[in-house]
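*Asks:* I am attaching a structure below and will ask some questions about it afterwards.
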Amino acid sequence: MVFSSLSFLYAFLPITAVLYLICRNRVWRNAVLLAASLFFYSWGEPRRMVWMILAALLAYVCGILMERCRNRDGLRRGIFLAGVVLITGNLLVFKYFGFFAGNLRALFGADWALPEIVLPIGISFYTFQILSYVIDLYRDQVRVQRNFWYLLLYVSFFPQLIAGPIVRYQTVEEEITNRRETLPEVAAGLKRFLVGLSKKVLIANQVGVIADTIYAGDPAVFGGAMYWIAALSYALQIYFDFSGYSDMAIGLGRMFGFHFLENFDHPYISCSITEFWRRWHISLSSWFRDYIYIPLGGNRVSRGKWMRNILVVWVITGFWHGADWNFLLWGLYYGVLLMLEKLFLGKWLSRLPRAAGWCYTMVLVLVGWVLFYMTDLPSLGRALHAMFTLPKTDWAAVLTGHYGLLRGLFFLPLGMVCALPWRIPRGRDSLPRAVAEYAVYALLLLLCVSTILSTKYNPFIYFRF
């Protein structure tokens, strides 16, 4: 089930909200959210839900044991390390066993059969959330959760379960048992949800057809110009798809009294790759910073170790996104760019006009999205070759044979404009202003529903991570 489906909008969410409001007790309201979250996950992964529950149970037991061994540092550290290894091992087996086993089989020319391992939805996100609880507990940054069902609610809470943002336990620790739901908060959450839904349905889905069509077609037909347009369309698709999902998650959480941290901050206005990664997928970047980069020494080490730390983080970041060679290349690509900016390129960029820095950043980001999109390395090579050799485009074939692509091109300017940080000035609160505002949100909902009904193209890119 996805947020942009009619089953979610007209069945799951209203029923969950009504049951939640009927319950006057915090315990029962949490029970409603837990039951709804498990049902939400089981809608697409009924048999693999057990792995999420077992991972949460492992974290719970690990936390209780660490608390009981507070005065025995060696034993506490051993419990912590065992928990981290087992929780991480669950992710490694499901996500990477097939990749490494397949490559070893190809390397040695073996013909052994590989078991089919289906990746559970959202495992990368909920694994990192569970790890953040265990690590922060070991660091004494949070209190142990003695109620397993509350810890499971944190892990499985449906707004952020499938595709983030990665919510740390310390962010919602108090709100699990002590939060307030007010009408203004519910209204603000609903409006944020509708903004995210509009990003996803009215922009991401529309421009996404462009990249899919061009990358599946003949490079001799589309030529170099259309491959740059494909990179731009995918950049807009993944931004509005993922930031839209984050907006919906933040809005839904707010409706039920939870306050998640922001996950995007207009990344396409960045003037360096360093700035881009401060603005893109903030919850993931900060997770790697706090749990891997800083423990390795961060930048408070020798220059060589500093560069090593950056490279380690970005190799892991690449593989976190997927078990394919293109994701490793994508991670190395950004690792090298960030190393260059730390060493000398960042100082040069700071002396240039912002427009020059922005052009530099956007070209590199577009190339990065091509690396991210293309899991097939020969196809990746052809796409990059077309982008940098600029073969001619057969415009007659493009304009006459690809209606979906042409329809998507109509939405590209809208996507580029909406990616900018527009601020609507607030006037004095009044009844006409409030009516006009809610009329706009009602219109957005109507447009989203009519668009959902008229097309079957409704993917969420980060579901596969």
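*Asks:* Assuming residue 342 fulfils every condition listed in (1) crowded, with 16+ Cβ neighbours inside 10 Å; (2) among the basic types (Lys, Arg); (3) without any contact (Cβ under 8 Å) to a residue 40 or more places away in the chain apart from one, which condition is it?
*Replies:* For residue 342, the exception is condition (3).
*Asks:* Does residue 319 fit the bill of being open to solvent by less than 40 Å² (accessible area, probe 1.4 Å), closer than 30 Å to residue 418 by Cα and among the aromatic types (Phe, Trp, Tyr)? Steps first, please.
*Replies:* Details: open to solvent by less than 40 Å² (accessible area, probe 1.4 Å): yes; closer than 30 Å to residue 418 by Cα: no; among the aromatic types (Phe, Trp, Tyr): yes.
No: the conditions fail for residue 319.
*Asks:* In region 1-58, how many are open to solvent by 30 Å² or more (accessible area, probe 1.4 Å) and β-branched (Val, Ile, Thr)?
*Replies:* Of the residues in that region, 6 qualify.
*Asks:* Is there any pair with a first residue in region 128-149 that is more than 15 Å from residue 56 (Cα to Cα) and a second that is in a helix (DSSP H, G or I) and among the charged types (D, E, K, R) whose Cβ atoms are under 6 Å apart and which are 6 or more apart or on different chains, and what are they?
*Replies:* Final answer for the pair search is 142/136.
*Asks:* Do you know which residues across region 82-136 are in a loop (DSSP other than H, G, I, E, B) and either open to solvent by 20 Å² or more (accessible area, probe 1.4 Å) or farther than 28 Å from residue 158 by Cβ (or both)?
*Replies:* 109, 110, 111, 112, 113, 114, 115, 116, 117, 118, 119, 121
*Asks:* Moving to a separate point now. Answer yes or no as to whether residue 291 is farther than 30 Å from residue 174 by Cβ, touching a helix residue (DSSP H, G or I) at 6+ places or on another chain (Cβ under 8 Å) and assigned to a helix (DSSP H, G or I).
*Replies:* Taking the combined requirement at face value, the residue does not satisfy it.
*Asks:* (1) out of contact with any helix residue (DSSP H, G or I) (no Cβ under 7 Å at 6 or more places or on another chain); (2) over 30 Å from residue 4 (Cβ atoms): which one isn't true of residue 116, the others all being true?
*Replies:* Of (1) out of contact with any helix residue (DSSP H, G or I) (no Cβ under 7 Å at 6 or more places or on another chain); (2) over 30 Å from residue 4 (Cβ atoms), only one is false for residue 116: (2).
*Asks:* Can you tell me which residues in region 345-358 are of a type outside the set (Ser, Thr, Tyr) and either assigned to a helix (DSSP H, G or I) or surrounded by 12 or more Cβ atoms within 10 Å (Cβ to Cβ) (or both)?
*Replies:* Listed by number, the residues that qualify are 345, 346, 347, 348, 349, 351, 352, 354, 355, 356, 357, 358.
*Asks:* Considering 406, 371, which residue is outside any loop (DSSP other than H, G, I, E, B) and closer than 30 Å to residue 265 by Cβ?
*Replies:* Details: 406 fails: closer than 30 Å to residue 265 by Cβ.
Exactly one of 406, 371 is outside any loop (DSSP other than H, G, I, E, B) and closer than 30 Å to residue 265 by Cβ, namely 371.
*Asks:* May I pose another question? Go over the candidates 220, 187 one by one and state the one that is among the aliphatic types (A, V, I, L, M) and either more than 20 Å from residue 395 (Cβ to Cβ) or buried (at least 21 other Cβ atoms within 10 Å of the Cβ) (or both). Break it down stepwise before answering.
*Replies:* Working: 220 fails: either more than 20 Å from residue 395 (Cβ to Cβ) or buried (at least 21 other Cβ atoms within 10 Å of the Cβ) (or both).
The unique qualifying residue is 187.
*Asks:* Looking at region 1-53 only, could you name the residues that are hydroxyl-bearing (Ser, Thr, Tyr), part of a helix (DSSP H, G or I) and either farther than 20 Å from residue 460 by Cα or within 24 Å of the chain's Cα centre (by Cα) (or both)? Walk me through it before giving the result.
*Replies:* The initial filter retains those residues of region 1-53 that are hydroxyl-bearing (Ser, Thr, Tyr), namely 4-5, 7, 10, 16, 20, 37, 41-42.
Okay, now just the ones that are also part of a helix (DSSP H, G or I), so 7, 10, 16, 20, 37, 41-42.
Matches in region 1-53: 7, 16, 20, 37, 41, 42.
The values are calculated or read from the model by the stated rules, or taken from the named source; none is laboratory data. Computed from a prediction, not measured in an experiment: that's the story for all the values here. Backbone-built Cβ (ideal geometry, glycine too); neighbour counts: all protein chains shown. Side chains are part of the model used for accessible areas, which takes the heavy atoms of the whole protein and leaves out ligands, DNA and RNA. Shrake-Rupley method; radii C 1.70, N 1.55, O 1.52, S 1.80 Å.
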